[in-house]
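This report concerns only the one structure given below.
The values are calculated or read from the model by the stated rules, or taken from the named source; none is laboratory data. Quick caveat: nothing in here was measured; it's all calculated off a predicted structure. Neighbour counts run over all protein chains shown; Cβ positions are idealised from the backbone, glycine included.
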Amino acid sequence: MKHLIVVNVNAGGFNEQFEAQIKTAFEGLDYEIYKTTGPKSVIPYLKDYLKKHTKDTVRVYACGGDGTVHEVVNGCVGAKNVEIAIYAIGTGNDFVKIYGGKEKFQDFKTLIEGKASPIDISEIQGGDLQEPLYSVNVINFGFDAIVGAMGNYYKEHGLPEAAQKKGLGPYDYALKNDAMKHGRFNDIEVYADGEKLNEKQMLLATLAQGQYVGAKFRCAPKSDNTDGLIDVCVLKTMTFLGLGMIIGTYTKGKHLDRKRRKIVYRQAKEIKMVSPKDFDVCVDGEMIKGNNFTVKVCPGAIALVLPK
């Protein structure tokens, strides 16, 4: 077996000590270290690497956060000889929360000795995508995706002077200035296996294989990434009061404990999202845009290594 350690050099836990830890853990094994050189740099590298090593089982270690895991999955999907392990040194580490949290994914020894099992991922096509994109965790759109998209914009282009004086960060400002003002009435229709889930407007929606999003929200508490289905949850447009009343429940993952008039929950194999105008979609943290998307489940598409 070959061991390929992919390290996001911008992740919070990466330093010289971490690199020395890798060398100690993999001593005597057939291993290589790849350090990312920028966004998505690892995807073509992995595709090329796996094509060159078809006779070997390759265990790829995604050392970083959810973004690193997302990119590693997109670089590995389709290859038959690859296993994916996660060493969680990111900020949110949402995906691994379904397996007990990041503390269980911070020991190379248990990852080297761990066994791989197939899990489902989701494939999204449409919008401005030139080729399919894959999600191992959560695809979300509506209110929270607007925060993500506009937060990225302010992070790149700078905040207005008034926001800077108040000490607001780019995502805080996006929440208060953009999502709160314009993000509650999204003209997006959602279909799950052909069933229309909402009228024209909705607040937000999640299409999940994992359970957590945004570092603290347990958006899909019933999700199981081995059942061949995608968990679909649509929150309909609601008042500020209604949003305030449900946000705590949504954060804790209690919003599906009973039937609620403003929440539609389904499990499906294919979801379509259509709108008269472009809208933002967040795929495991990666932002894309368009007005027509199709999401399909890919059962058992990747082999995930769980720590021993």
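Please pick out the residue among ASN198, ASN225 that is crowded, with 23+ Cβ neighbours inside 10 Å, touching a residue at least 12 places away in the same chain (Cβ under 8 Å) and not in a strand (DSSP E or B). Lay out the reasoning, then the answer.
Numbers: ASN198 fails: crowded, with 23+ Cβ neighbours inside 10 Å.
It is ASN225.
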Which ones in the range 1-59 are surrounded by 15 or more Cβ atoms within 10 Å (Cβ to Cβ), β-branched (Val, Ile, Thr) and not in a loop (DSSP other than H, G, I, E, B)? ILE5, VAL6, VAL7, ILE22, ILE33, VAL42, ILE43, VAL58
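Within the range 72-88, identify whether any single residue is assigned by TED's automatic domain parsing to the domain that holds THR36, acidic (Asp, Glu) and outside any strand (DSSP E or B), and answer yes or no. Full working, then the answer.
Our first condition is that a residue be assigned by TED's automatic domain parsing to the domain that holds THR36; within the range 72-88, this holds for 72-88.
So of that shortlist, the ones also acidic (Asp, Glu) come out as 83.
Then drop every residue that is not outside any strand (DSSP E or B), which leaves none.
So far as the range 72-88 goes, no, none of its residues is assigned by TED's automatic domain parsing to the domain that holds THR36, acidic (Asp, Glu) and outside any strand (DSSP E or B).
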Within the range 113-135, considering residues that are of a type in the set (A, V, I, L, M) and more than 24 Å from PHE26 (Cβ to Cβ), the one surrounded by the most Cβ atoms within 10 Å (Cβ to Cβ): LEU133
Just need a number here: residues in the range 230-251 that are surrounded by fewer than 20 Cβ atoms within 10 Å (Cβ to Cβ) and either within 17 Å of the chain's Cα centre (by Cα) or at pLDDT 95 or above (or both). 1
Condition check: touching a residue at least 24 places away in the same chain (Cβ under 8 Å), of a type outside the set (Gly, Ala, Ser) and crowded, with 16+ Cβ neighbours inside 10 Å. Does LEU168 satisfy that? no
Single condition ASP280 does not satisfy, out of (1) touching a helix residue (DSSP H, G or I) at 6+ places or on another chain (Cβ under 6 Å); (2) assigned to a loop (DSSP other than H, G, I, E, B); (3) buried (at least 19 other Cβ atoms within 10 Å of the Cβ): (2)
